[in-house]
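The values are calculated or read from the model by the stated rules, or taken from the named source; none is laboratory data. For clarity, every value in this text was computed on a predicted model and none was experimentally measured. All Cβ positions, even for glycine, are placed from backbone atoms using ideal geometry, and neighbour counts span all protein chains on display. Quick note on the areas: whole protein, heavy atoms, side chains included, nothing else; ligands and nucleic acids left out. Shrake-Rupley method; radii C 1.70, N 1.55, O 1.52, S 1.80 Å.
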Amino acid sequence: MKQRIYLTLWTIVIPLLAWLAYGGSLLTGFENPFFHPVIAFLLIGSVLAAVHHAEVVAYRMGEPFGTLILAVAITIIEVSLIVSLMLTDSGQSTATLARDTVLAAVMIILTGIVGICLLVGGVRYREQVFSLQGVSAALVTLTAILVFTLILPNFTTSTSGSEYTSLQLGFVASGCLILYIAFTLVQAIRHRAYFLPPHAEGDEDAYPEPPTKKETYVSALLLILCLGIVVLLAEVLAPDIESIVEQAGAPKSLVGIIIAAIVLLPEGLAAFRAARKNRLQTSLNLAFGSALASIGLTIPAVAIVSITTGMKIILGIDMKAMVLLVLAQFTIMLSLATGRTNILQGIVLLMIFLVYIFLTIAP
């Protein structure tokens, strides 16, 4: 087994340059068109650097702690971005911001990221295996949280719209947080074996020599820096993305999907690379952990903001989104029911993802 060089120069320089560019843009203003292609380049570089440092931490911590760290770190930054936008803006767009962001993140993860991983793994290895107990635990928890937050608000009678009262919102948010904490404890402590990958058959590349403690600490710090600048640069580029979407005549909800996709790029690339190395368990741990963290932490944070400020929050999704969400959840349950995957399941999930994107653009 060969020792790998984990702290490569570009993974250190790119995020530092990105932070310098962002600071320079704050001082000089974002009107200069020169900054936009530079920011876009540094954004992509920061995403790739984040994937590298996440893998370094994962190698040192082992499964499932490495993927859990990446999922929670990205979700905390995502929650911070949503809450900051809620507190600095107002109106109908703010009322549906959390709902649209969570729905986009969940659909991207369940159908886009998982679909690509199953497709790539099926093409390269024909079949891939994973721990069925861990996936079942994640899907059971995710199903309950999705129904509580995105579907059930449409059927309550205390309010006329697709929203909870403050009392209902607080109760449901507490339930989501309890479910997420319970899943995390099961994943990391009580039933950790459910989330461990199957025994590797002499694949040196799949299990490299762990980095040193110093390398791990430095990579963990750089991971935080990378994730933070990815969100900030995505926010800077949001007006450009919104302008392109408006010029194309597409709905504004597409902007949220694009921003969510950018924020989820580190997780998506990490899951993709794991699937290519025949480590599907790592990919699924990352995907489902991210989906659970995205909704299980976002909704309680949004609930606190709504209850303390009196801000209106609409959580219930419309019938079209409800059908697609239920279809995605039902399909992924059937696809992962046997503990083995192939190319067909990836194609089906990706087709659902494409239909979701298409119907967002052409509602």
Loop chymotrypsin sites (Phe, Trp or Tyr not before Pro), the stretch 257-338 (other Cβ atoms within 10 Å of the site Cβ: 13 or fewer; DSSP):
none
Which FRET efficiency, nearest 0.05, do S136 and I224 yield, Cβ-Cβ r, R0 25 Å?
0.20
How would L349, L334, L152 rank on accessible area, largest to smallest, probe 1.4 Å?
L334, L152, L349
Could you give the nm distance between label points at V147 and K312, where each point is 7 Å from its Cα heading toward the beta carbon?
2.9
Apply the membrane-span-like helix rule to the chain: whole DSSP H runs, Cα extent along the own long axis of at least 30 Å, mean Kyte-Doolittle hydropathy at least -1.0. List the helices found.
35-61, 65-88, 213-247, 280-309
Could you work out the helix-only [θ] at 222 nm for the chain, with each DSSP H run of four or more residues adding -39,500 (n - 2.57) and the total divided by the number of residues, to the nearest 500 deg cm²/dmol?
-24000 deg cm²/dmol
Can you match semi-axes √(5λ) of the Cα gyration tensor in Å to one of these, [x] 34, 27, 17; [y] 32, 23, 20; [z] 30, 27, 20, based on a calculation from the structure here?
[z]
Remind me, relative contact order of the chain in percent, using alpha carbon pairs under 8 angstrom and six or more residues apart?
38
Around A260: net Lys/Arg minus Asp/Glu count, Cβ-Cβ under 13 Å
-3
With DNA, RNA and ligands ignored, accessible area of E163 (1.4 Å probe; Å², nearest 10):
40
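Heavy atoms only, 1.4 Å probe, whole protein assembly: order H36, H53 by accessible area, highest first.
So the residues, ranked largest to smallest area, are H36, H53.
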Check the chain and count each lysine pair with an alpha-carbon distance under 27 angstrom, considering only pairs eight or more places apart or from different chains.
8
Packing-wise, with mean Cβ within 10 Å as the measure, how do 187-196, 117-126 rank, highest first?
117-126, 187-196
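Write down the accessible area per residue of the chain in Å², having rolled a 1.4 Å probe over the full set of protein chains.
In whole numbers, the chain has 46 Å² accessible per residue.
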So, with a 1.4 angstrom probe, what is the percent of accessible area on the chain that is carbon and sulfur?
70
Using mean Cβ contacts within 10 Å as the protection proxy, how do 336-348, 95-107 order, highest first?
95-107, 336-348
Given the Cα-Cα distance of L48 and F330 and 0.36 nm per residue of separation, how much length would full extension add, in nm?
98.3 nm
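Ranked by accessible surface with a 1.4 Å probe, highest first, in what order do L9, L265 come?
Reading off the accessible areas and sorting them downward yields L9, L265.
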